[in-house]
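What follows is a single structure, written as structure tokens, with notes after it.
The values are calculated or read from the model by the stated rules, or taken from the named source; none is laboratory data. These figures come from a predicted structure and were not determined experimentally. All Cβ positions, even for glycine, are placed from backbone atoms using ideal geometry, and neighbour counts span all protein chains on display.
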Amino acid sequence: MAAPVISPVLLELARQFLTLSLLSIGGANTVIPEIHLRAVEIEHWMTDADFSEMFALSQAAPGPNVLIVSLIGWKAAGVVGALVAMLAMCAPSSLLTYHFANVWERFREAPLRIAIQTALAPVTVGLIVASGYVLTRTIDHEWLAYVVTGTTVILALTTRLHPLWMLAAAAVLGALHTGS
């Protein structure tokens, strides 16, 4: 009996997301620029518009932000691709976290642990800002979109306005702009 042939796309999905799994400090949103680079620009599994739509869908759906990984896998290789991508993204970091948590807790007061935690906070923020930049670059192609994005950033940073109000305002502007 011949061994089953595994699709090259499935192997590449597994390879890409296994690597990204170990780099996703702070969650999948921190590696969005790298996911975009690999899925759109290198592997050509989708277009910028597809990526933006999948990101929006994954953020709107209830559950963890890692859902974008399954959508990319699905777009690249169907249901099996979605499963391979999610398993590759979640398994390594989950196993590493499980085994590392005991050691990490044991050294709760150690200066090295405190230094690592302190250093990882700005790295995570920087990665999320980079993700925002990549998404803005893939979506915003008109002046109105840039204005909405800039206004949203300013409001989010300077007010306590609930994000759903900003989302609603953007939806209204988008509907009015599409209707004209």
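Structure notes:
- Residue count for segment 44-65 satisfying the condition of being in contact (Cβ under 8 Å) with a residue 40 or more places away in the chain, of a type outside the set (S, T, N, Q) and buried (at least 16 other Cβ atoms within 10 Å of the Cβ): 3.
- Pick from segment 1-46, criterion assigned to a loop (DSSP other than H, G, I, E, B) and polar (S, T, N, Q), ranking: farthest from the chain's Cα centre (by Cα): Ser7
- Selection status of Glu12, within 23 Å of His141 (Cα to Cα), charged (D, E, K, R) and at pLDDT 90 or above: no
Residues checked against (1) on the phi > 0 side of the Ramachandran plot; (2) modelled with pLDDT under 85; (3) in contact with a Leu (Cβ under 7 Å, 6 or more places away or on another chain); (4) surrounded by 12 or more Cβ atoms within 10 Å (Cβ to Cβ):
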{"residue": "Glu142", "(1), (2), (3), (4)": "no, yes, no, no"}
{"residue": "Ala145", "(1), (2), (3), (4)": "no, yes, no, yes"}
{"residue": "Trp165", "(1), (2), (3), (4)": "no, no, no, no"}
{"residue": "Gly174", "(1), (2), (3), (4)": "no, yes, no, yes"}
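- Looking at segment 66-161, the helices (runs of 4 or more DSSP H) lying wholly inside it that each contain 3 or more residues that are touching a residue at least 12 places away in the same chain (Cβ under 8 Å) and under 21 Å from Leu11 (Cβ atoms) sit at 67-106.
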